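A short write-up of the structure that comes next.
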Amino acid sequence: MRRDTGFGPRDCRSWDAPGVIRKPLLAVAACLVLAACSSRSADVAATDEPISIPSGPTSVHVPEPKPPLLPQGVDVLAVPAERVIPVWEHPKREHAAFRLVTRNPSGSTSPMLIEGAKRRAGEAWYRVLLPLRPNGSAAWVRESDVSLRRIDQRIVVDLSDRTLRYYVHDELKKHFRVGVGTDATPTGTGTFYVWVKIRYASPYQPYGIAALGLSGFSPVLSEWPGGGRMAIHGTSSPSDLGNAVSHGCVRVFNDDLRSLLDVPLGTPVLITR
């Protein structure tokens, strides 16, 4: 703290008082000395006072993004781990909606096509298409109840030009003319998958050499074998091809169907109009 010298601004003036004589030059000198001292003190205070510089974090932690639950650009199947598994309407629900029997009529475990995934409380959940009515039904299964399998094959049926195309690794392998449902008993459209495969001894019975039963159903028939489940099946009649002749199934000439007999269960089937 600067000590009080007893001088103020008026002390730097020459003034006359009884018994006191101030010379102008001395008064000017005193003022200059005081001004210099005051300026030096301000400079010292400014340089001696610590300067506060805001400091930020030396490093910023950016969490690594979690890997996607499903691989991109490919179809993925959920293979049930048990004969019966619980399924949920939503992962947030405490109790399962029902328990799903995962075996098809041939006794095989049928994989289900996955259409979505999310994580809840550290556990992965998968939204699967169900082989149940109505078409497009879906539910959630836990990661612990299934295993995942990639599928690089798919079947595309175009009802407008009545063709079936079979792809492997996005490469067209087969292209057939097929029979489809009539106006009264149309073939359902949407995304399905091969749910069951059944072979027949005689190629001349109604389903030809084999039937690939789908996860979807006829839009209009329910009182039918299998509850009206649609299928891609054989026919021994070449006249079926390119025509609307079936009760909702896709008819493939027996010789053409032989190339599809080894497609795995769960193979996606897209039917468009």
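Ranked by accessible surface with a 1.4 Å probe, highest first, in what order do 262, 145, 75 come?
Final ranking, largest accessible area leading: 262, 75, 145.
Give the share of C-alpha pairs in each 5 angstrom bin for the stretch 144-273, from 0 to the last occupied bin, in whole percents, shortest bins first.
2, 11, 22, 25, 22, 11, 4, 2, 1, 0
With a 1.4 Å probe and all protein chains left in place, how much of the accessible area of the stretch 118-232 comes from carbon and sulfur atoms, in whole percent?
Whole-percent figure for carbon plus sulfur exposure: 50.
Please report how far the C-alpha centroid of the stretch 232-254 lies from that of the stretch 156-197, rounded to the nearest whole angstrom.
11 Å
Excluding residue 229 itself, what net charge comes from residues whose Cβ is under 14 Å from its Cβ, given Lys and Arg +1 and Asp and Glu -1?
Counting the neighbours of residue 229, the net charge comes to +1.
Skip the ligands, DNA and RNA, and give the accessible area per residue of the stretch 161-273 with a 1.4 Å probe, whole Å².
Computed with neighbouring chains in place, this is 45 Å² per residue.
The values are calculated or read from the model by the stated rules, or taken from the named source; none is laboratory data. The structure displayed is predicted, hence computed values, not measured ones. We place every Cβ from the backbone using ideal geometry, glycine too, and count neighbours over all the protein chains shown. For accessibility, only protein heavy atoms count, side chains too; no ligands or nucleic acids. Shrake-Rupley method; radii C 1.70, N 1.55, O 1.52, S 1.80 Å.
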